[in-house]
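For reference, the structure discussed in these notes is given below.
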Amino acid sequence: MPDAATMSVFVLATLALLVVPGPAVLFIVARGIDQGRSAALTSAAGVGVGSLVHLTAAVLGLSVLLASSAVAFSAVKYLGAAYLVYLGIRTLLTKPERTVAIDRCPKPLRRLFAEGVIVQALNPKIALFFLAFLPQFVDPSRGPVALQTLALGAILVGMGMCTDSAYGLVAGSLGGMLRESRAFASAQRWVAGSVFIGLGVSAAVTGTPQE
């Protein structure tokens, strides 16, 4: 497992990234506004299950990479760092959206759960993010890559479900106001962009190729 310092950085970076609303959060908020807390929490649970699909792929992919070539694993880390910087720059340059379309037709909870799974599982950007983010905190010298990736990914997914659920719970009272606030949208864009760039640059500077 990563050392305490690395784990602390991972948790703080994960929290900083998760509190900035993305497409999945906006989906959850929309359902919370439309159908209440139960719908929001059910949608959040579906998104969490969808994240497990990407986590499984990351665990298998990174393990295979290290088994075939330590150099390839290091290359993925550096490419991941570059991708995080790219995400940060693109986030800073993207104008914030002020509204989110809401389907006003109530849906059964099981359908909302399934939609949450699909929204997350079929998003290729999430798959790329898992492969770019998790390797920055994996150290092959500290144990099996698969176990480290699984543990870090499980923490990320668990924290994501907590923050997603929190957004869902307040969606009914504050969600509409926040979605329409240009100041809030602008602030979240700068926070997210800065975190992505900072994490990517830090990984590129401090990372060392595995022998």
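The values are calculated or read from the model by the stated rules, or taken from the named source; none is laboratory data. Quick caveat, the model's predicted, so the values are computed rather than measured. Positions of Cβ are backbone-derived with ideal geometry, glycine not excepted, and every protein chain shown enters the neighbour counts.
May I ask you to say which residue of Val59, Val49, Val25 is closer than 15 Å to Thr163 by Cα, at pLDDT 85 or above and in contact with a Gly (Cβ under 9 Å, 6 or more places away or on another chain)?
Val49
Counting only residues that are surrounded by fewer than 15 Cβ atoms within 10 Å (Cβ to Cβ) and not hydrophobic (A, V, I, L, M, F, W, C), which one in the stretch 141-164 is modelled with the highest pLDDT?
Gly158
How many residues are at pLDDT below 85 and surrounded by fewer than 18 Cβ atoms within 10 Å (Cβ to Cβ) when one looks only at the stretch 103-122?
Of the residues in the stretch 103-122, 6 are at pLDDT below 85 and surrounded by fewer than 18 Cβ atoms within 10 Å (Cβ to Cβ).
Where the second residue is small (Gly, Ala, Ser) and surrounded by 20 or more Cβ atoms within 10 Å (Cβ to Cβ) and the first is touching a residue at least 12 places away in the same chain (Cβ under 8 Å) and lies in the stretch 9-28, which pairs have Cβ atoms under 6 Å and are six or more apart or on separate chains?
Leu18/Gly160; Val20/Ala192; Ile28/Ala40; Ile28/Ser43; Ile28/Ala44; Ile28/Gly168
Can you find a residue in the stretch 57-76 that is touching a Ser or Thr at 6+ places or on another chain (Cβ under 8 Å), of a type in the set (Val, Ile, Thr) and in a helix (DSSP H, G or I)?
Yes, that holds for at least one residue.
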